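Scroll down for the structure; my scribbles are underneath it.
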Amino acid sequence: MCDAPAVSREHAPPACLFPEQKDLRVDLRRNLLTVPSCERHNATKCSDDQFLLVSLAGVLGGNAVGLGQGLTKARRTFARGGPALIHAALGSVRRERHALPDGRKLDVAWGTPDFARLDRCFDRIARALYFHEHGSRCEGITHCVYMHTLPGDCNDATFRDFLRHKAALELAAKPYRGANPSVFTYRAADPDAAGRRLYALTFYGHLDVFVVIAPAGLERGNLAADLIDRGIPTTISSGGRAWRFNQTAD
């Protein structure tokens, strides 16, 4: 993250995301990935690690390990953090009862997390993974896309579908990495012509976060993206499929 001397090893992702053996009675903290870290970029980010834990553990769509982590570690973290942590993780919380496919009912809380803080958390993780793979610091900028949250609008939903399609093509031959796949795996795509790199992170089996690392100073320079941002009807085609943006009903 910086030029300061390393004084410890930082886990990537944070160790708190991996269940303790006392909670799930299975060892899911084997061979955790670590990178060198200075004091400021490790010990002082404990509150961000807790925020990330409660933002992922127990989220609907995750696997049984994620649900278990939500009912144990994340619940204890919420109890210690109080209303401030709940507000950070979910914003204005609303609660409702969710019907499971087998007919059972589950009480759930809905809200909107602090996405800027999430971006900061995943920026650190992506930079750590880059350092782990290349042995040098990443000088680029990052952009995060959260595939497990509800889309903001039709364009957002369409873009996520397009990105998932492109990621599937670019990552098809790339191995899943991570010693504890029920908690965390990732895949890294080769850089594109402009030097952008895609990291596909998966938490608790099904919660996907895509992080794109672009070289520092790289201008966006993408005509399709510029047209979409300006509200102009735009169609992107790939592999026999088409994605339409800014479409209005006739």
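Among the residues in the range 85-99, are any of a type in the set (Gly, Ala, Ser) and within 23 Å of Gln21 (Cα to Cα)?
No; the residues of the range 85-99 include none that is of a type in the set (Gly, Ala, Ser) and within 23 Å of Gln21 (Cα to Cα).
For the range 224-245, which residues satisfy the criterion of being among the hydrophobic types (A, V, I, L, M, F, W, C), surrounded by 12 or more Cβ atoms within 10 Å (Cβ to Cβ) and part of a strand (DSSP E or B)?
Of everything in the range 224-245, those that are among the hydrophobic types (A, V, I, L, M, F, W, C), surrounded by 12 or more Cβ atoms within 10 Å (Cβ to Cβ) and part of a strand (DSSP E or B) turn out to be Ile236, Trp243, Phe245.
Examine the range 68-76 for a residue that is under 30 Å from Arg197 (Cβ atoms), surrounded by 11 or more Cβ atoms within 10 Å (Cβ to Cβ) and under 18 Å from the mean Cα position of the chain (by Cα), and state whether such a residue exists.
Scanning the range 68-76, I find at least one residue that is under 30 Å from Arg197 (Cβ atoms), surrounded by 11 or more Cβ atoms within 10 Å (Cβ to Cβ) and under 18 Å from the mean Cα position of the chain (by Cα), so the answer is yes.
Which members of the range 146-162 meet the condition of being surrounded by 18 or more Cβ atoms within 10 Å (Cβ to Cβ) and among the aliphatic types (A, V, I, L, M)?
Listed by number, the list holds a single entry, Met147.
Go through the residues of the range 138-156 one by one and say whether even a single one is free of Cβ contacts under 8 Å to residues at least 60 places away in the same chain, in a helix (DSSP H, G or I) and touching a Ser or Thr at 6+ places or on another chain (Cβ under 9 Å).
No - not one qualifying residue is present in the range 138-156.
How many residues are outside any helix (DSSP H, G or I), in contact (Cβ under 8 Å) with a residue 12 or more places away in the chain and of a type outside the set (D, E, K, R) if we restrict to the range 21-74?
Total meeting the criteria: 19.
Which one of these does Arg187 not meet: (1) over 28 Å from Gly91 (Cα atoms); (2) touching a residue at least 40 places away in the same chain (Cβ under 8 Å); (3) part of a strand (DSSP E or B)?
Going through the list (1) over 28 Å from Gly91 (Cα atoms); (2) touching a residue at least 40 places away in the same chain (Cβ under 8 Å); (3) part of a strand (DSSP E or B), Arg187 breaks only (2).
Step by step: first the residues of the range 6-22, then only those that are in contact with a strand residue (DSSP E or B) (Cβ under 9 Å, 6 or more places away or on another chain) and either over 18 Å from Thr77 (Cα atoms) or among the basic types (Lys, Arg) (or both), then the one that is surrounded by the most Cβ atoms within 10 Å (Cβ to Cβ). Which residue is that?
Selected residue: Glu10.
Which one of these is over 21 Å from Phe122 (Cα atoms), loosely packed, with under 14 Cβ neighbours inside 10 Å and modelled with pLDDT of 90 or more: Ala173, Ala168, Ala193?
Ala173 is the lone residue from the list that is over 21 Å from Phe122 (Cα atoms), loosely packed, with under 14 Cβ neighbours inside 10 Å and modelled with pLDDT of 90 or more.
Do we have any residue at all in the range 235-246 that's in contact with an Asp or Glu (Cβ under 7 Å, 6 or more places away or on another chain), farther than 14 Å from His143 by Cβ and not aromatic (Phe, Trp, Tyr)?
For the range 235-246, residues in contact with an Asp or Glu (Cβ under 7 Å, 6 or more places away or on another chain), farther than 14 Å from His143 by Cβ and not aromatic (Phe, Trp, Tyr): absent.
Exactly one of (1) over 18 Å from the mean Cα position of the chain (by Cα); (2) among the aliphatic types (A, V, I, L, M); (3) at pLDDT below 90 is unmet by Leu90. Its number?
Of everything listed in (1) over 18 Å from the mean Cα position of the chain (by Cα); (2) among the aliphatic types (A, V, I, L, M); (3) at pLDDT below 90, Leu90 misses just condition (1).
The values are calculated or read from the model by the stated rules, or taken from the named source; none is laboratory data. All of these numbers come straight from a predicted model, not from anything done at the bench. No Cβ is skipped: glycine too gets one built from the backbone with ideal geometry, and neighbour counts run over all protein chains shown.
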